[in-house]
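Nothing in this text is a laboratory measurement; each read-out follows from the coordinates by a stated rule. Every value quoted in this text rests on a predicted model; they were computed, and no experiment measured them. Positions of Cβ are backbone-derived with ideal geometry, glycine not excepted, and every protein chain shown enters the neighbour counts.
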Amino acid sequence: MTTSFVRDSLLYADALASERLPASFHARLAAERFLVDHEVTTKPGNEWEFRDELANRAMLFASMMPNIKGPEAGRPIELMDWQKLVFANIFGFVERRTTTLRFRQGAVFVPKGNGKTTVSAPLALHMTFGEGEGGAEGYAAAVTRDQARILFDTAKHMVSRSAEMKREWGVGALTNSIFQEETASNFVPISSDAKALDGLNVQCAVCDEIWLAPHQRGLRCAYHRDGETAPAVPPLYFDGHRQHLGHRQAALGLRAAGSAAKSGR
Ligand SMILES: Nc1ncnc2c1ncn2[C@@H]1O[C@H](COP(=O)(O)OP(=O)(O)OP(=O)(O)O)[C@@H](O)[C@H]1O
Ligand SMILES: [Mg+2]
């Protein structure tokens, strides 16, 4: 049965694709692609499948996290439709009969003040600590360390204000690191101005405001890692990017790219 989070994502994608909601060209294409991919994966011979429960689990996790800023501070995050669509894309598609995520890179283009950093934090926490990967390394990346700290501190506040994170996930927060003892995994802020991502075993890197990065260097590191040193679970780069496009719902532009090795798309 399709869960309500996934159903909301499908309805939203349908509204964008059919132009019932105003949307940018790229947002419409992203929505169309999501719908087509979702439909195609229902065919038994397809190498990918869409697993409602995996997408749902990640969205439930995000919904347990508290808002940190603004009038909703302290209340649980109520995911907006565009945020659900991002989660459904990233966490729903897997290699058939496995839990290996299909998409290794996601780029999100949303205007200022629309919840990029807020939603990136639970996404990164879930990828770093929610998959039982031993020694997982998660990074909050940005051009400068100060910028990276905005995302890291958001995640840190979420962890320290969430009793479940400590009790059920065994995740704790220190000044410069969020960690899970049981799996020896951690999440730290890092800047991309000092070749910082080279040579790291990246499980997940969230690059906020990547548009400021010269030559999008962090992203290039991700591609280089797709070679012989690729980790068992691939890294995922999720970029917040400001675009002053006006209408809130018109401004979603989601692009999720399969790795070159796995998918020619
Ligand atoms: N799903 C949500 N439900 C309610 N409030 C939200 C949600 N997502 C974000 N917010 C609130 O919206 C405000 C802006 O969020 P955030 O800082 O994450 O936006 P942003 O896109 O990263 O902004 P900027 O472009 O300035 O970096 C914050 O007060 C945040 O708590
Ligand atoms: Mg932000």
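Using alpha-carbon positions, what is the distance between the centroids of the range 44-79 and the range 164-190, in Å?
That distance is 19 Å.
Using amide H atoms built in the peptide plane, which far-off residues or other-chain residues are under 5 Å from Leu21 H to H?
Amide H to amide H, under 5 Å and 5 or more residues apart or across chains, Leu21 pairs with Leu16.
Would you mind ranking Val36, Val188, Val171 so that the residue whose beta carbon has the fewest other beta carbons within 10 Å leads the list?
Working: Val36 12, Val188 17, Val171 26.
Fewest to most other Cβ atoms nearby, the residues stand as Val36, Val188, Val171.
Give me, ordered by chain and number, the residues 5 or more places off Ala136 or on other chains with an amide H under 5 Å from its own placed amide H.
The answer is Ser185, Asn186.
Going by how many other beta carbons lie within 10 Å of each one, how would you line up Arg97, Arg51, fewest first? Walk me through the intermediate numbers first.
Working: Arg97 8, Arg51 18.
Fewest-to-most Cβ neighbours within 10 Å comes out as Arg97, Arg51.
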